[in-house]
Structure formats: C-alpha cells, structure tokens
C-alpha cells in the first residue's frame, strides 16, 4: 500500500465552497478501484492549506484514476479553488517495530 499526500492551498475566502466541493467528491468517488481510504485535513497554522490523504493499492492505481470520471470531476469542481498548483507525494510506511 502507498499513501498519497497532496497539499492544496486555496484562497481562505473560498474555504466553505471548497470544503463542500471536496465533500461531494469524496461522497461520490471514495470507493474508486484501488483506493482504500481518503480524507482531507485542514492545517492549523495556515488555514489556506489542506491535505488530501489517500491510501492506494499502488501508485499506478492512483495515476489510473486521473483519466476517469473521478479525475475529470476533481479538475472541474475542486481544482478551480487552488490558489497555487497543488503538490503531491507518494509515501510508503517503513516496517519499523
């Protein structure tokens, strides 16, 4: 499993509309093939910053989503709120014990 962490920076004046758009996206698309969990968090220190965290079976599963209805929906309904382009990384937990 891998984790997608995307930093989304928006104009704080649009936070309510952004949060509604993200909630609608998650309600509609959180059960995508290869997607195990999806959450959005708001940063405390800078309220313009949000973090989308999703757990995927693989990086390929995440990238495949971009060419689907879900990817198009994100680009049309969520991305317009971005104040700057988002940054996304993929991480994998270390097997520490």
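Here, each number is a calculation from the coordinates, and none is a lab measurement. Since the structure is predicted, the reported quantities are computational estimates derived from the model, not experimental observations. FYI the Cβ positions are ideal-geometry reconstructions off the backbone, even for glycines, and counts take in every protein chain you see.
Quick notes on this one:
- Per-residue ellipticity at 222 nm from helix content only, as computed over the chain with -39500 (n - 2.57) for each DSSP H run of at least four residues, stands at -9500 deg cm²/dmol.
- Angle between the chain longest axis and helix 15-29 axis [Cα atoms, degrees, rounded to 10]: 30 degrees
- Considering only alpha-carbon pairs that sit under 8 angstrom and 6 or more positions apart, the relative contact order computed for the chain is 47 percent.
- Gaussian network model of the chain, Cα within-10 Å springs - most flexible of 32, 63, 52: 63
- Spherically averaged projected area of the convex hull of Cα atoms, the chain: 6.7 nm².
- Shape class of the range 1-40 from the Cα gyration tensor (axes a ≥ b ≥ c, square roots of the eigenvalues): oblate, since a/c reaches 1.5 or more and a/b does not exceed b/c.
- Label-point gap, in nm, between residue 41 and residue 19 - each point 7 angstrom along Cα→Cβ: 1.7 nm
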